[in-house]
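What follows is calculated from the coordinates using simple rules that are stated; it is not laboratory data. All values derive from a computational prediction rather than experimental measurement. Counting neighbours? That spans all protein chains shown, and the Cβs are built from the backbone with ideal geometry, glycine included.
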2 protein chains.
Amino acid sequence: MTSATQEEHALFDALHDPTRRAVLELLRNGERSVRDLTDQLPVSQSAVSQHLKVLTGAGLTTARPDGRRRLYRVDHTGLGHLRAWVDRFWDEALTAFADYATEAIVDQAPAERPSEDEGSGDA
Amino acid sequence: MTSATQEEHALFDALHDPTRRAVLELLRNGERSVRDLTDQLPVSQSAVSQHLKVLTGAGLTTARPDGRRRLYRVDHTGLGHLRAWVDRFWDEALTAFADYATEAIVDQAPAERPSEDEGSGDA
DNA sequence: GCTAATGATAAGTCATGGCTTATGATTCGC
DNA sequence: GCGAATCATAAGCCATGACTTATCATTAGC
């Protein structure tokens, strides 16, 4: 079912490239045509189109035809997925940190123990 | 001065690789040694160390020495930056969308309107 | 109709980065 | 101390991907 891992990959893959992030930054100001974006970036029109394809595939942009132009704008879909990913991780990280802090306090009493058995999780 | 763009780059660069994301997933369960991580990943110990270096550089993990081992765990710093980036973008995207929607409604009065605005739906 | 403009795609080039196998540096157990 | 274990680093290999220059498809304007 396009395992959420797929979306993850598409997202982080899309956001990895600085030029693509620059495109997103430009789109923050509102809709822009490919031509317009190209004029403000140090790469060719072809490159911009290729980047937009990747961004759209990741749900980060959408296009709307307008005459012989295509107006692109930021899409919430991808951003929402990214946000969900971060949030999930955020919570887990805090929990893990709390566990660690607690354990550290407990460890304070005895001398030293391996503290190696975090085995409660998955194999 | 490590312009926020630098952090951005380090972050997205770190999160781009699937193996590094897998490392983060493993660390969600708590602290783990490099050896432990290596045993659960299909790559060499060397590769894991290299990944951990990148992750740490992006503020996504931290290490704590424990004997001859090093215990790694998730760091909030990088996640916080990522979260801030998304939130900033999220707000802007919503604003831009609101502008667009408003404009679309205004445009409804005169003759021509895109009629194509897939407005609230996702693509 | 034809020409110009806009944007997507094809094909090819070149740098980047993720992996490997050594090897070095530290620390534990005997 | 010595050998074993853990981890980081060095050097090298190879696939991936970001870019380029054509070229094709569509639309506006004459």
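Structure summary
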{"item": "Residues that are among the β-branched types (Val, Ile, Thr), crowded, with 16+ Cβ neighbours inside 10 Å and within 14 Å of another protein chain (Cβ to nearest Cβ), drawn from region B:12-41", "result": "B:23, B:34"}
{"item": "Residue list for region A:50-74, restricted to those being under 22 Å from residue B:9 (Cα atoms), free of Cβ contacts under 8 Å to residues at least 40 places away in the same chain and away from every other protein chain (no Cβ under 11 Å)", "result": "A:50, A:51, A:52, A:53"}
{"item": "Among the residues listed as B:82, B:71, the single one being part of a strand (DSSP E or B) and of a type outside the set (Lys, Arg)", "result": "B:71"}
{"item": "Pick from region A:42-66, criterion surrounded by 17 or more Cβ atoms within 10 Å (Cβ to Cβ) and of a type in the set (A, V, I, L, M), ranking: nearest to DNA strand D (Cβ to nearest atom)", "result": "A:54"}
